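Trainee: Attaching a single structure in structure tokens format; questions to follow.
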Amino acid sequence: MTHTPLLAGLVLAACGDAAPSGLSTGPGVTSVPASTSGSSPGTDTTSTGPADDSAGSSGISTTGTLRDVGSSMDFGPVQPPGCKGKVDVLFLISRLGTMDTEQEQLLASFPGFIDTIEQTLEGFDVHIMTANPDGIWPGKYVCEGGDGGCSDYWPTCGPDAEDYDCTTYKDLVTECDEVLGAGLTFNTGGFAANKVCDLHGGNRYIVGDDPNIAGAFECIAKVGTSGADPPLGDAMIAALSAKLNGPKGCNEGFLREDALLVVVLIMDNADIKSKSYAKTQYEAIVAAKKDASAVVMLAVVPQHLKEGEPMVPGCAYDEGGPLTFADLLSRFPYHEVGDTCAPSYAPFFEKAAAKIGEACGSFIPQ
């Protein structure tokens with residue numbers, strides 16, 4: 001007898017009845033000078049479709065097949081419990097001087113991303129955190145101690161951070177604001193939120209009953225462009241560590257055993273600062289969740305410039321070789337790769353939401 005794959009059924013169910021500024025971007029990446037005053041922007045078996053000009057373009061060869069986890073008869077009378085709507089979403093966003101456009105794209109696509117997940121998952125219960133990507137608080141280095149910032153001549157943090165308050169902000173920073181991987185609630189510097197995020201529940205992450213999730217996300221995700229070249233892989237490991245998620249840790253309570261984990265990595269240069277690499281990063285994530293199938297890995301990174309295609313002004317392209325985080329993502333059954341140069345990130349996050357629905361349906365808490 002031929003059984004209908006469970007994941008295919010989930011897809012149909014989800015669809016209803018229808019069938020610091022100016023820093024180098026690092027080696028391996030080519031940056032094209034912006035034409036305006038602001039800067040812009042392995043083989044796998046689960047990634048979706050061929051590359052296109054949207055943020056869903058992966059740059060990784062695909063087979064277009066979904067992992068068949070069997071049918072209801074294969075599982076017998078006991079079905080996978082699923083994530084029951086519980087999803088922990090971890091964002092790691094570079095705050096180099098070239099990242100202002102990427103952050104605007106993210107903020108524009110986020111409400112639709114969350115709405116789609118909520119419509120897909122019954123009992124929607126989310127934690128959302130943006131983790132410190134470089135272990136610093138930019139206000140200390142760029143505003144309070146930077147040239148042209150917080151002086152008698154300029155009482156703010158400069159022309160790109162005029163809402164920074166030099167008279168009080170330096171006294172509001174906490175120890176967790178300067179910890180690699182800790183949830184961000186006080187983004188400062190150029191193009192940053194420049195305010196303390198008052199998150200519902202008092203944590204360093206958003207909880208599902210927040211009455212203004214979109215507004216809260218803008219505050220924690222508007223990380224700005226005054227950071228250092230980030231060791232994003234190392235920051236991801238730290239954000240998921242028992243030290244930060246355990247009692248009295250900066251991220252206490254964020255990571256839940258019975259929740260699906262979604263990791264979103266966004267940067268427009270190669271990760272050359274991390275001491276970890278794909279294998280150790282994978283092992284750390286699996287150690288935190290016990291099962292690679294309990295994780296959805298997403299990345300928006302520079303892609304190779306296709307022959308004959310014009311360069312997008314201000315955009316960064318990978319010069320060749322493996323794409324950033326491609327090795328890491330290919331180790332997980334559920335993943336998507338997007339393009340930092342895409343005109344909109346909405347198509348990428350639509351695909352990501354579908355992946356979350358698939359993964360949640362087959363989730364078995366460890």
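Trainee: Can you tell me how many residues within region 227-270 are within 17 Å of GLY135 (Cβ to Cβ), modelled with pLDDT under 95 and surrounded by 24 or more Cβ atoms within 10 Å (Cβ to Cβ)?
Mentor: Qualifying residue count, region 227-270: 1.
Trainee: List, please: which pairs have Cβ atoms under 6 Å, are six or more places apart or on different chains, and start with a residue in region 128-143 that is within 24 Å of ILE237 (Cα to Cα) and end with one that is modelled with pLDDT of 95 or more and of a type in the set (Asp, Glu)?
Mentor: Qualifying pairs under 6 Å: TRP137/ASP177; TRP137/GLU178.
Trainee: Could you please find all residues in region 153-208 being farther than 20 Å from GLY249 by Cβ, out of contact with any Pro (no Cβ under 9 Å at 6 or more places or on another chain), among the charged types (D, E, K, R) and crowded, with 16+ Cβ neighbours inside 10 Å?
Mentor: Once the filter is applied, which keeps residues that are farther than 20 Å from GLY249 by Cβ, out of contact with any Pro (no Cβ under 9 Å at 6 or more places or on another chain), among the charged types (D, E, K, R) and crowded, with 16+ Cβ neighbours inside 10 Å, region 153-208 yields ASP160, LYS170, LYS195.
Trainee: To continue, here is another question. Filter region 225-239 for residues that are of a type outside the set (Asp, Glu) and not in a helix (DSSP H, G or I) and give the result.
Mentor: Restricting attention to region 225-239, the residues satisfying the condition of being of a type outside the set (Asp, Glu) are 225-228, 230-233, 235-239.
Correct list: THR225, SER226, GLY227, ALA228, PRO230, PRO231.
Trainee: Can you name the residue in region 332-353 that is small (Gly, Ala, Ser) and touching a strand residue (DSSP E or B) at 6+ places or on another chain (Cβ under 9 Å) and, of all such residues, is modelled with the lowest pLDDT? Spell out the reasoning first.
Mentor: Initial filter on region 332-353 (small (Gly, Ala, Ser)): 338, 342, 344, 346, 352-353.
Right, trim to touching a strand residue (DSSP E or B) at 6+ places or on another chain (Cβ under 9 Å) and you get 338, 342, 352.
On the way: GLY338: 95, ALA342: 92, ALA352: 97.
Among those residues, the one meeting the criterion is ALA342.
Trainee: Could you check, for region 167-176, whether at least one of its residues is at pLDDT below 95, part of a loop (DSSP other than H, G, I, E, B) and either among the hydrophobic types (A, V, I, L, M, F, W, C) or more than 30 Å from ASP327 (Cβ to Cβ) (or both)?
Mentor: For region 167-176, residues at pLDDT below 95, part of a loop (DSSP other than H, G, I, E, B) and either among the hydrophobic types (A, V, I, L, M, F, W, C) or more than 30 Å from ASP327 (Cβ to Cβ) (or both): present.
Trainee: Tally up the residues in region 316-358 that are over 19 Å from VAL87 (Cβ atoms), of a type in the set (A, V, I, L, M, F, W, C) and not in a helix (DSSP H, G or I), please.
Mentor: Final tally of qualifying residues: 6.
Trainee: hydroxyl-bearing (Ser, Thr, Tyr), in a loop (DSSP other than H, G, I, E, B) and on the phi < 0 side of the Ramachandran plot: does that describe SER151?
Mentor: Details: hydroxyl-bearing (Ser, Thr, Tyr): yes; in a loop (DSSP other than H, G, I, E, B): yes; on the phi < 0 side of the Ramachandran plot: yes.
Yes: the conditions hold for SER151.
Trainee: Does region 307-326 include one or more residues that are hydrophobic (A, V, I, L, M, F, W, C), surrounded by fewer than 19 Cβ atoms within 10 Å (Cβ to Cβ), farther than 12 Å from LEU260 by Cβ and at pLDDT below 95? Don't jump to the end; show me each part of the working.
Mentor: Within region 307-326, the first condition is being hydrophobic (A, V, I, L, M, F, W, C), and the residues that meet it are 311-312, 315-316, 323, 325-326.
Retained after the next criterion (residues that are surrounded by fewer than 19 Cβ atoms within 10 Å (Cβ to Cβ)): 311.
In the following step, the residues that additionally are farther than 12 Å from LEU260 by Cβ were identified as 311.
Next, only the ones that are at pLDDT below 95 stay: 311.
Checked against the condition, which is being hydrophobic (A, V, I, L, M, F, W, C), surrounded by fewer than 19 Cβ atoms within 10 Å (Cβ to Cβ), farther than 12 Å from LEU260 by Cβ and at pLDDT below 95, region 307-326 yields at least one hit.
The values are calculated or read from the model by the stated rules, or taken from the named source; none is laboratory data. Keep in mind it's a predicted model, so treat the numbers as computed, not measured. Backbone-built Cβ (ideal geometry, glycine too); neighbour counts: all protein chains shown.
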